Each structure stands twice: as C-alpha cells, then as structure tokens.
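These notes are about the structure you will find just below.
We did not get these values from a lab; they are worked out from the coordinates using the rules stated. Just so it is clear, the model here is predicted, and its values are computed rather than measured. All Cβ positions, even for glycine, are placed from backbone atoms using ideal geometry, and neighbour counts span all protein chains on display.
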Amino acid sequence: MRKSPLVEDGAAQAAAVWKEIKVVVRVGTYFPLKGDIHQKWYTVDAEGQVLGRLATRVASILRGKEREQFTPFLDLGDHVIVVNASKIRITGNKLEQKFYRHYSGYPGGLSETALRRMLEEKPERVIREAVVGMLPKNKLGKALAKKLLIYADGKHPHEAQKPEAIRLAKKV
C-alpha cells in the first residue's frame, strides 16, 4: 500500500521540528575556561582580627566562593596578601592550650610548639596553618595555598599587582 505524498511530507516536517526542539531543549553545564577567569589580588589587614574568623574569610576568597562561576574542582580563587600577622587576636585559653605538632617520622621525632611561642617566632605560620586547614586536601588545595602570602608587619612587596584592600568587621 502506497503512502500519499502529503503524509510523507508531514512526517518529514515533524522530524525537522523535533530535531530543532532537541537542540533547544538540550542545555549544557557552564564551565569557566581559562580566558574567563580573571584573578584579582586582595590585601587583608589582620590587626585585631580573631584568628579563626580571619582564616575562614581568607580561605573562602582563595577558593573563589564569592564568585558567580564557583566550581568546586576548579581554581577560580584570587591571590590574598595578609599583613600584620603578628597582631592577630586569640580568644579563650588557646595561647596556653593549643599546640602545633610535627612528626619527623623517626622514633622520638615528635616536636610540639605552643601557640604563644609560635606567635612570637613565626606569626605567619599560625595564619597559614589555620587557612590551609580549611582548604581541600588535594592538588587543588596545594595550588590554592600558593596564592596565600602572609607578612608579619604592614609592608609587602606586591604593590605592582595593585591589590584591593578588604575590610573585615572587627568585634571588640
């Protein structure tokens, strides 16, 4: 039995419309490409800031969570310069009770340093330990940690990058 040309023509038109509908309905996920990512530089003054609150804000900026294009497995974060690391605030009894531990891998190779002593000798390391502890524990976290620059005093050598200052709320 032969089909009429009108029916065949209608089927061809329906198929063409269906292909167009498939193209319109198909929606892909947006992933920012390297050209779409414009990294900025920020400075944060740590003077009078509580250690943990400062670390969470800095880790969030390093991850890129403030951006609209945030993707958990991509490096969309910005560079952060923390100045006045020696003037951070520590709450509670942490100065006496908190210890930083490092194990060399050899018997008897556990070394402990109190927070008070660490603040006197290496205040940059206190902030770095707090921020890096909030980043992913993988290759991405290591790459993000390289974008964190910490200085004990108020001077830094990154003026050429024209960093923007970020004001954090101070609780007194």
For the chain, what class follows from the C-alpha gyration tensor (a ≥ b ≥ c being the square roots of its eigenvalues): rounded when a/c is under 1.5, otherwise prolate if a/b is larger than b/c, else oblate? prolate
Using the per-residue mean of other Cβ atoms lying within 10 Å as a proxy for protection, in what order, highest first, do the peptides 62-68, 93-99, 127-133 fall? 127-133, 62-68, 93-99
Fully extended, how many nm does the chain gain between Ala160 and Ser104 (0.36 nm per residue separation, minus their Cα-Cα distance)? 16.3 nm
Could you give the nm distance between label points at Ser111 and Ala169, where each point is 7 Å from its Cα heading toward the beta carbon? 4.0 nm
At 222 nm, what value in deg cm²/dmol follows for the chain if DSSP H runs of at least 4 each add -39500 (n - 2.57) and the sum is divided by all its residues, to the nearest 500? -10500 deg cm²/dmol
So which aspartates and glutamates can Lys146 reach, going by Cα to Cα under 15 Å and dropping same-chain residues fewer than 8 places off? Asp75, Asp78, Glu124, Glu129
Pairs beyond 31 Å (Cα-Cα), from Lys87/Lys137; Lys40/Lys98; Lys34/Lys98; Lys94/Lys162; Lys40/Lys122; Lys98/Lys162: Lys40/Lys98; Lys34/Lys98; Lys94/Lys162; Lys98/Lys162
With no solvent and one point per C-alpha, what does the Debye sum give as log10 I(q)/I(0) for the range 94-172 at q = 0.13 Å⁻¹? -0.60
